[in-house]
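The structure appears below as structure tokens.
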Amino acid sequence: MASISLVLTICVLGFYVPAPSLASPSHGNDFLRCLSTDVPGQLVQTPSSPSFKQLLVSSIRNARFVAPATARPPICIVTPTNASHVQAAVRCGRRHGVRVRVRSGGHDCEGLSYRSGRRDSEAFAVIDLAELHAIGVNPHEAPAWVDAGARIGELYYHVATAAPGLGFPAGMCPTIGGGGHFSGGGMGLMMRKYGLSADNVLDATMVDAQGNLLADKKAMGDDLFWAIRGGGGGNFGIVLSWKVRLVPVPPTVTFVKVARTMEQGAVDSVTKWQTLAPALPDDLSVRVVVQNGEANFQALYLGNSSAVVTTMGSRFPELRVTIADCKEMSWLQYTAYIFFGDAINSKPLEALLLNRSMPLGQFVKNNPTTSRKHSPRRRGRRSSAGPMVPPRGSSSWSRTAE
Ligand SMILES: Cc1cc2nc3c(=O)[nH]c(=O)nc-3n(C[C@H](O)[C@H](O)[C@H](O)COP(=O)(O)OP(=O)(O)OC[C@H]3O[C@@H](n4cnc5c(N)ncnc54)[C@H](O)[C@@H]3O)c2cc1C
């Protein structure tokens, strides 16, 4: 029953404009005229605007899509500063057959937040929520409000500084946007104890496919509220803000790093990890990044290093974890360290976590292939083990170079 109603919800609310039209000057002009009645001109950039290209590529993370996106750009990019601008863009899109794409952090691996995705020249526009990035943390309460355009690095920083002792379970790259990340789940190394980001969403505000503002989960109804917490971004409407449950974190956490080459028994260690990781204490998450014939084990322990050395020694002796493999730090430092490594020693955390525009570097696409297929042990030949999905309950952000 639930799945039937979800299918219906997708059909009804999906942003698939009933008769998507090919881009033509008249569609674009009608759409822009419609927008101009409710959205201030400075919030609408067209390809002829001087800063259009810069804005379009500003949060693209997959370099493969930079050139195609600029070659077949949207009719315009709308940068709303309030809900009514989003509503107007959705309604104008419906009225004039223009597909609306929504972008928060721009980390979509397939670029679906800023390109059409169709081979023909479909008319589409981008709603970029970059200007909606407020974060409200009350030091005395566990819930916080996060605008969809906020980056998770900003969220980590504001939570830890406004409410020491609290944190939030989400991913490892600080420039990921809350809009797409929480919509699709949100995995990180506190997942074993506290679940995905989506599991910690308490409420939300959104604009549906008709352009209605749904102010809370009551207005959404159970099925839609369920769907936006993990059903994938861009499918059910445009989330404007999330109310999230903050979680307790200890004053000291420990990050553990151990690398194993094939000669050092990487295959056996990964094989053991597959059965062991889901059975570890909830305070301990171990992920493994397998690349170039090397298995890099990384663990977050919500406690100090002596305790994690003891636990790893008894549960995973093959890794031979010692104090030298451990780094104690605050939870906030960890959120930067997992991505920037030792750069946290030379740069202030503000510079690392509040920087919304990261330079476009090497892109990695995470591939959810099961490790059974790739295990050299099972295939009976030596090769560099491929990307893998970890056992249920452990972290799966392993990666492959794109
Ligand atoms: C470098 C990198 C590191 C990553 N690390 C992790 C990780 O550690 N853990 C993890 O779980 N995932 C990780 N991801 C995947 C990431 O969580 C998803 O790609 C996520 O969808 C990105 O969200 P975004 O807002 O940044 O992206 P966007 O490109 O803005 O959006 C992604 C999708 O969501 C839709 N969307 C965006 N905003 C909204 C909104 N407000 N309402 C409704 N739909 C919306 C878009 O249309 C698009 O379909 C990583 C991705 C990259 C590129």
Ranked Ser58, Ser51, criterion: other C-beta atoms within 10 Å, fewest first: Ser51, Ser58
Label-point gap, in nm, between Val66 and Arg320 - each point 7 angstrom along Cα→Cβ: 4.3
Cβ-defined net charge surrounding Asp223, 14 Å radius [Lys, Arg +1; Asp, Glu -1]: +1
Placed amide H near Met190: partners under 5 Å, 5+ positions off or other chain: Ala170
Efficiency of FRET from Cβ geometry, Leu55 and Ala351, R₀ 22 Å, rounded to 0.05: 0.45
Nonlocal amide H pairs with Ser241, under 5 Å, H built at 1.01 Å: Ala148, Thr205
Nitroxide proxy distance, nm - points 7 Å out along Cα→Cβ at Gln210 and Ser48: 3.6
Relative exposure of Phe52, Phe65, Phe297, judged by other C-beta atoms within 10 Å (fewest first): Phe52, Phe65, Phe297
Mean-position separation - Cα centroids, segment 223-237 and segment 45-121, in angstrom: 20
Sequence ranges 133-142, 302-311, 255-264, ranked by mean other-Cβ count within 10 angstrom, highest first: 302-311, 255-264, 133-142
P(r) weight above 17 Å for segment 166-237, C-alpha pairs, percent: 43
Calculated diffusion of segment 173-290, Stokes-Einstein form, Kirkwood radius summed over Cα pairs, 37 °C and 0.692 mPa s, µm²/s: 197
Under the Karplus curve 6.51 cos²θ - 1.76 cosθ + 1.60, θ = phi - 60°, whole-Hz ³J(HN,Hα) for segment 66-81, x wherever Gly or Pro sits: 5, 5, x, 5, 7, 6, 10, x, x, 4, 6, 10, 9, 10, x, 10
Sequence-distant residues sharing a close amide H with Arg101 (under 5 Å, placed H): Ala125, Val126, Ile127
Hull-based mean projected area of segment 119-192, where the convex hull spans the alpha carbons, in square nanometres: 6.4
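Only the coordinates and a few stated rules stand behind these numbers; no lab work does. Keep in mind that what you see is a predicted model, and the values were worked out from it rather than measured. Glycine also receives a Cβ, built like all others from the backbone with ideal geometry; neighbour counts cover every protein chain displayed.
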